[in-house]
Ligand SMILES: C[S@@+](CC[C@H](N)C(=O)[O-])C[C@H]1O[C@@H](n2cnc3c(N)ncnc32)[C@H](O)[C@@H]1O
């Protein structure tokens, strides 16, 4: 079918009127909002009325906005062209691509598509998970039963694993590692290996990479348990090693993961990743003990921080804030984001660091680190001490 100069909206309206609308994707974002990648639009029924549900897909999270069809059409008129260079409309029988030039003029490319069914419109449709719950290793690890049903006691853990994989996959896609055929990942303090197995599955089975994934764990019984599962399932490129992160010979490593490693073990893991030349570091710190006793409280904050819980949270924020800055100084782009905790505690933070292709100026970051330390009277941060020790 030939291209015509046009807009996507009349095609969308026709598809809605005929009940043929499946979904719409706005892509090639050129607006100013940081981290926004695309918007997926589908039809949902709210209070008996059809609405357009816009899912704003950011690099690390999704934001959903439901609008009436009329409001949604107006919003699409504002977005298509000025903010998104491309729109893809999928109907039951056609696919329509519209590309917008700099002046906002659209060019429509309709084509016959495979026959699709419109998805159900009930609002709270189950979320699509990164992992299929029928995977046998999930049953072996005690997350699902033999029929692939997630055990009620493991539903938080299941959500956490999937959320972690979503973050990991998005970061991996954007990193230099995406073009590699081989990748080496080390997971420090791997515990029962839930996330280690999940990462291995994503890299090997989903992305088809020659991934080598190693979990390092202190507790012998967990190491033996995981290695038995690896053997039974015939998983290649996955192993659990008994060892202490402090002395583990890391070798060249592309991705270093340390989730829920206690106190300065997180610093040690991040530092090991730096030394091993890792492109990506993922850490979910817990038990922030090192910085708190050093903190001198600025007078104006004393009435707030005299409450133990406030002080604890402040110390945690300062500790992780400094970690993020130290990694930036070392040439990484760092994001600090929410991470679902399996234990319903406030251990719900993830530091995601990806090495920048070109290092940026370190002077400004150093000034920020020094100012923060000065403000709180901090004399020693464990990660900084480790980094400094490698320079001397
Ligand atoms: C809270 S669990 C986290 C498990 C896993 N990373 C997760 O998030 O599901 C922490 C694990 O780290 C292990 N661990 C603690 N200190 C360690 C060390 N120095 N070296 C290796 N493993 C360690 C513990 O035995 C425990 O299994």
Sole miss for residue 370 among (1) surrounded by 12 or more Cβ atoms within 10 Å (Cβ to Cβ); (2) at pLDDT 90 or above is condition (1)
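Looking only at the range 17-37, how many residues end up being out of contact with any helix residue (DSSP H, G or I) (no Cβ under 9 Å at 6 or more places or on another chain) and farther than 21 Å from residue 60 by Cα? Let's see the steps before the verdict.
We begin by selecting, within the range 17-37, every residue out of contact with any helix residue (DSSP H, G or I) (no Cβ under 9 Å at 6 or more places or on another chain); these are 17-19, 23, 25, 27-30, 32-36.
Checking which are farther than 21 Å from residue 60 by Cα leaves us with 17-19, 23.
The total comes to 4.
Just give me the residues in the range 175-196 being in contact with a strand residue (DSSP E or B) (Cβ under 7 Å, 6 or more places away or on another chain) and either in a helix (DSSP H, G or I) or more than 16 Å from the ligand (Cβ to nearest atom) (or both), in sequence order.
Quick first cut of the range 175-196, residues in contact with a strand residue (DSSP E or B) (Cβ under 7 Å, 6 or more places away or on another chain) only: 175, 177, 181-191, 193, 195-196.
175, 177, 181, 182, 183, 184, 195, 196 - these are the residues of the range 175-196 that are in contact with a strand residue (DSSP E or B) (Cβ under 7 Å, 6 or more places away or on another chain) and either in a helix (DSSP H, G or I) or more than 16 Å from the ligand (Cβ to nearest atom) (or both).
Mind checking which residues of the range 227-254 are within 20 Å of residue 209 (Cβ to Cβ), within 16 Å of the ligand (Cβ to nearest atom) and not in a loop (DSSP other than H, G, I, E, B)? Walk me through how you get there before you give the answer.
Looking only at the range 227-254, we keep the residues that are within 20 Å of residue 209 (Cβ to Cβ), and these are 230, 233-240, 250-254.
Okay, now just the ones that are also within 16 Å of the ligand (Cβ to nearest atom), so 238-240, 250, 253.
Answer for the range 227-254, where residues must be within 20 Å of residue 209 (Cβ to Cβ), within 16 Å of the ligand (Cβ to nearest atom) and not in a loop (DSSP other than H, G, I, E, B): 238, 239, 240.
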Criterion (farther than 25 Å from residue 335 by Cβ and either under 25 Å from the mean Cα position of the chain (by Cα) or at pLDDT 90 or above (or both)) met by exactly one of 225, 197: 225
Hey, can you tell me all the residues within the range 153-166 that are modelled with pLDDT under 90 and either surrounded by fewer than 19 Cβ atoms within 10 Å (Cβ to Cβ) or closer than 30 Å to residue 47 by Cβ (or both)? 155, 156, 159, 162, 163, 166
Residue check, residue 216 against (1) more than 9 Å from the ligand (Cβ to nearest atom); (2) more than 16 Å from residue 164 (Cα to Cα), all met but one. Which one? (1)
Give, as residue ranges, the helices (runs of 4 or more DSSP H) completely inside the range 263-343 that count at least 2 residues that are surrounded by 15 or more Cβ atoms within 10 Å (Cβ to Cβ). 265-275, 308-329
Would you confirm whether or not the range 141-151 contains a residue that is touching a helix residue (DSSP H, G or I) at 6+ places or on another chain (Cβ under 9 Å), assigned to a loop (DSSP other than H, G, I, E, B) and crowded, with 20+ Cβ neighbours inside 10 Å? yes
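Please pick out the residue among 56, 29 that is at pLDDT 90 or above, buried (at least 17 other Cβ atoms within 10 Å of the Cβ) and within 33 Å of the chain's Cα centre (by Cα). I'd like the intermediate steps shown before the answer.
Values: 56 fails: at pLDDT 90 or above.
Of the residues listed, the single one that is at pLDDT 90 or above, buried (at least 17 other Cβ atoms within 10 Å of the Cβ) and within 33 Å of the chain's Cα centre (by Cα) is 29.
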Hits in the range 255-267 - residues which are more than 8 Å from the ligand (Cβ to nearest atom) and closer than 15 Å to residue 386 by Cβ: 256, 263, 264, 266, 267
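The values are calculated or read from the model by the stated rules, or taken from the named source; none is laboratory data. The structure displayed is predicted, hence computed values, not measured ones. Ideal geometry is used to build each Cβ from the backbone, glycine not excepted, and the neighbour counts take in all protein chains shown.
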